[in-house]
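A short write-up of the structure that comes next.
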Amino acid sequence: MRTLFSGPRPSLRDHKPNVQLAERRLFLRGGLSIGALSLLSGCDLTDNEQVDSVLTAISRLNDRAQAALFSRTTLAPTYTAADITPNFPFNAYYAESKLRPVDGEHWKLELAGRIADKKPWTLADLRTLPQESQITRHICVEGWSAIGQWSGVPFRTFLERIGADTKAAYIGFTCADDYRTSIDMATALHPQTIIALDYAGAPLPDRYGYPIKLRIPTKLGFKNPKQILAMTVTNDYPGGYWEDQGYNWFSGS
Ligand SMILES: Nc1nc2c(c(=O)[nH]1)N[C@H]1C(S)=C(S)[C@@H](COP(=O)(O)O)O[C@H]1N2
Ligand SMILES: [Mo]
C-alpha cells in the first residue's frame, strides 16, 4: 500500500535495503534455506558477508530481469492538477535544515564520458531546449508517495543534443550534496524522463533540487537526483549512495 506521508518520517537508513529484505524474504518464503543457497551459488556460505555478497549478486540478476521487463513505451500514470499533494515532502539523506543551496547563476552542468560535445550547460542554455510538463507520482522506498508537477527538458532530447552514446549502459550523476545515483540507458531515453527545471510552474525550489533534478516517474524517488552537478555516460557500473548500501539498483516504481 502506498500511503501519503504524515507525521515524522523515518530515514532510508532505518529501512533494511532490498538485498536484506526483498531477496531474503523471497528466498525464505520460497523455502530456500541458506544451505540450498550455498548449493545454488556453489559457495560455502558460512558468514553474513558471504550471504550478503550472494544476495547482492541476486539483486544484480534482478536488475537484469527488471531491465528486460521495462518497456520504453509504457507510461507511468499521470494525474490532474487537483491531485497534486499540498506541501510536497522534502527528502534527502540529511535533514532539511542541513540543505546547502546551489548558486544557479554560476552553476553549469558538467558532462563526462561517452558524449560527443562535453560543453557544460547553464540553466539559460537548458531553457532554450523544448520543454515538457508532467503531473506524476513520486514514490519513496520509505513508504510515502506524493503527486507533483515537474517541467523541463525531455532527457532524450538533451542526450541527442549533446551526442551521448545511447548504446552505453549507464548514466551516472553526482550532486552538490555528494549524493550519487545512476540509471540504465532505456530509462534515460524513456519519454517521461525529464531534466526538471520547474516545480509547480516556477523554478525548482532549493528543497526540490535547484538548479536541476532528473525526474523519472518510472523509478523510485532515490533514483531521482537533485542538485545535479555532473553526469557521465559510461559502460562501467557507477552504483550510487543508497545502491552501494544494498538498495536494488534498478528500482523501478
Ligand atoms: N542530491 C540528492 N538527490 C536526492 C536525494 C538526496 O539525498 N540528495 N534523495 C533522494 C530521495 S530518497 C528522494 S525520496 C527524493 C526526494 O525528493 P524531494 O525532496 O523533491 O521530495 O530525492 C532523491 N534525490
Ligand atoms: Mo526516497
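The values are calculated or read from the model by the stated rules, or taken from the named source; none is laboratory data. As the structure is a computational prediction, the values presented were derived from the model and not from experiment. Glycine gets a Cβ as well: all are built from the backbone with ideal geometry, and neighbour counts include every protein chain shown.
Exactly one residue among Thr193, Thr187, Thr174, Thr157 is among the hydroxyl-bearing types (Ser, Thr, Tyr), within 12 Å of ligand 1 (Cβ to nearest atom) and closer than 19 Å to Asn224 by Cα, and that residue is Thr174. Modelled with pLDDT of 95 or more and more than 27 Å from Gly201 (Cβ to Cβ): does that describe Ala82? Answer is no for this residue. From the residues in the stretch 223-246 that are in contact with a helix residue (DSSP H, G or I) (Cβ under 7 Å, 6 or more places away or on another chain) and modelled with pLDDT of 95 or more, which one is farthest from ligand 2 (Cβ to nearest atom)? Ranking the qualifying residues of the stretch 223-246, first place goes to Lys226. Working only within the stretch 86-112, note down all residues that are surrounded by 14 or more Cβ atoms within 10 Å (Cβ to Cβ) and away from ligand 2 (no atom under 14 Å from the Cβ). Selection gives Leu99, Val102, Gly104, Trp107, Lys108, Leu109, Glu110, Leu111. Right, Ser151: under 17 Å from Gly209 (Cβ atoms) and assigned to a strand (DSSP E or B) or not? Answer is yes for this residue. Scan the stretch 136-176 residue by residue and report those that are within 16 Å of ligand 2 (Cβ to nearest atom), at pLDDT 95 or above and β-branched (Val, Ile, Thr). Within the stretch 136-176, Thr136, Ile139, Ile147 meet the criteria.
Is the stretch 52-66 home to any residue that is without any contact (Cβ under 8 Å) to a residue 24 or more places away in the chain, closer than 25 Å to Arg156 by Cα and out of contact with any Lys or Arg (no Cβ under 9 Å at 6 or more places or on another chain)? Scanning the stretch 52-66 turns up at least one residue that is without any contact (Cβ under 8 Å) to a residue 24 or more places away in the chain, closer than 25 Å to Arg156 by Cα and out of contact with any Lys or Arg (no Cβ under 9 Å at 6 or more places or on another chain). Kindly indicate which of Leu214, Leu204, Leu197 is surrounded by 17 or more Cβ atoms within 10 Å (Cβ to Cβ) and either among the small types (Gly, Ala, Ser) or within 16 Å of ligand 2 (Cβ to nearest atom) (or both). Exactly one residue qualifies, and that residue is Leu214. Picking from residues in the stretch 83-126 that are assigned to a loop (DSSP other than H, G, I, E, B) and acidic (Asp, Glu), the one that is nearest to ligand 1 (Cβ to nearest atom) is Asp103. Are any of the residues in the stretch 226-237 surrounded by fewer than 23 Cβ atoms within 10 Å (Cβ to Cβ), under 12 Å from the mean Cα position of the chain (by Cα), more than 11 Å from ligand 1 (Cβ to nearest atom) and in contact (Cβ under 8 Å) with a residue 24 or more places away in the chain? Among the residues of the stretch 226-237, not one is surrounded by fewer than 23 Cβ atoms within 10 Å (Cβ to Cβ), under 12 Å from the mean Cα position of the chain (by Cα), more than 11 Å from ligand 1 (Cβ to nearest atom) and in contact (Cβ under 8 Å) with a residue 24 or more places away in the chain, which makes the answer no.
The residue pairs whose first member lies in the stretch 79-95 and is farther than 18 Å from Lys213 by Cα, whose second member is assigned to a loop (DSSP other than H, G, I, E, B) and at pLDDT 95 or above, and whose beta carbons are closer than 9 Å, counting only pairs six or more residues apart or on different chains, are Ile84/Ala200.
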